[in-house]
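Right, one structure below, let's go through it.
Every read-out reported here was derived from the displayed coordinates using simple, explicitly stated rules and does not represent laboratory data. The structure presented is a predicted model; accordingly, all values stated were derived computationally and were not measured.
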Amino acid sequence: MAFTPYQLFLAGLMLVTGSLNTLSTKWADRQTSHFCDGTGGNVTFEHPFLQGVGMFLGEFLCLLAFKFIWYSTAQYRIERMVYKGDASSRIVRYWPIKIQRETRLVDGEQTFNPFIFWIASICDMLSTCLSYIALNYTSASSFQMLRGSVMVFTAILSVIFLRRNLTWKQWLGILTVVAGLAVVGISDIIFSKHPEGNHTNMEKIAGDALILVAMLFTSFQVVYEERFVRKHNIPPLQVVGWEGTFGFCTLGLLLIPFYFIIVPTSNSGPDHRLEDVPTAFCQMGGNWVIILATLGNVFSIAFFNFAGISVTKELSSTTRMVLDSGRTLIIWVVSLALQWQAFYPLQIIGFILLVIGMGIYNDVWTNLFRRFITRPPISSERSQLLPSHQDVSVYESTSNIPPNAAASFADTVNT
């Protein structure tokens with residue numbers, strides 16, 4: 001099966017940025033720095049809510065990318081507008097009208113209420129914050145593997161709310177994934193030794209449980225999007241961008257009351273606030289690695305969403321699922337290489353069961369076998385994100401338009 005260089009680039013971009021998203025967040029959580037007043041010595045950076053704001057900022061960048069592609073790939077025509085009046089006072093003006101967009105990344109309906117994304121962003125916000133809290137108490141590889149539970153929750157909720165009927169093959173895939181999740185959770189409990197030496201079994205269990213609850217909220221988000229958002233045929237890049245916009249605004253405002261809520265178990269600052277943003281910036285100032293890891297989280301989530309959507313459009317959702325399983329393996333290998341976690345033999349079994357189960361549910365193995373047998377020709381043609389100057393067309397809506405008007409407007413568009 002042959003792939004074009006552009007498709008290989010998208011696949012690599014999805015693997016790299018998807019892995020960096022989890023690894024950069026865990027890298028920031030492992031860093032230590034002092035508080036604003038210099039007390040506390042080197043304290044671990046624990047600011048999951050502020051990290052959540054950074055993640056939504058990365059999603060918001062997708063909306064900026066959408067707008068850039070939208071206006072960059074536009075085609076125009078000239079409308080001739082004649083204002084009523086006598087012959088001496090009649091005014092003729094020419095207006096540019098956007099008529100076509102040829103890039104698949106921005107194809108879709110634009111007559112919708114943006115506030116339909118607010119509920120989805122709330123689910124995303126709860127999932128993100130719980131995930132970042134859990135990442136402080138579990139390894140990056142276990143975190144990524146347990147995120148596979150989203151498939152199980154989504155399938156169950158789709159049966160309940162969308163009245164969807166699952167085949168026996170999909171139920172088999174769900175059971176296989178559940179078995180893999182159980183193995184991963186058991187491995188965290190049995191192997192209590194941890195390189196950092198500051199996580200008890202109860203903390204690991206709590207972290208794993210928080211990940212499962214976070215994936216439950218993600219499943220609600222997926223089902224909601226399918227029920228209320230996808231019927232509008234909105235471009236996926238725009239969906240991610242709007243959800244990032246509402247999530248950034250909502251969680252950003254919540255940081256204000258979070259500052260005044262005292263939680264004795266919180267390590268966000270010397271006063272044990274639920275989220276201590278000033279202390280977070282002080283810790284960033286005392287350790288440049290935290291800044292680098294935070295920026296890595298912001299930009300990796302933006303490029304990961306872009307790459308994931310592009311892979312689905314250029315190749316297929318099946319290929320995206322295979323790549324998503326691949327980044328789980330990358331995170332596990334990198335965590336072991338950096339000695340962020342001990343080697344848990346049971347995780348190998350858990351990972352294999354998760355990959356097999358997700359493949360069965362999404363019909364990956366059948367499709368791969370069919371493609372291997374048939375080997376259909378792959379077209380190298382793809383849509384361009386940005387048109388060349390020759391791609392911009394200017395149309396005259398009436399023969400009475402002066403030639404210099406259309407030429408002048410074409411020069412404006414090309415510049």
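General observations
- Semi-axis lengths, Å, region 253-373, gyration tensor of Cα atoms, sqrt of 5 times eigenvalues: 39, 19, 15
- The stretch between residue 366 and residue 190 holds 59.8 nm of extra length on full extension. This uses 0.36 nm per residue minus the Cα-Cα distance.
- Pairs beyond 27 Å (Cα-Cα), from 67/313; 67/231; 26/313; 26/169: 26/313; 26/169
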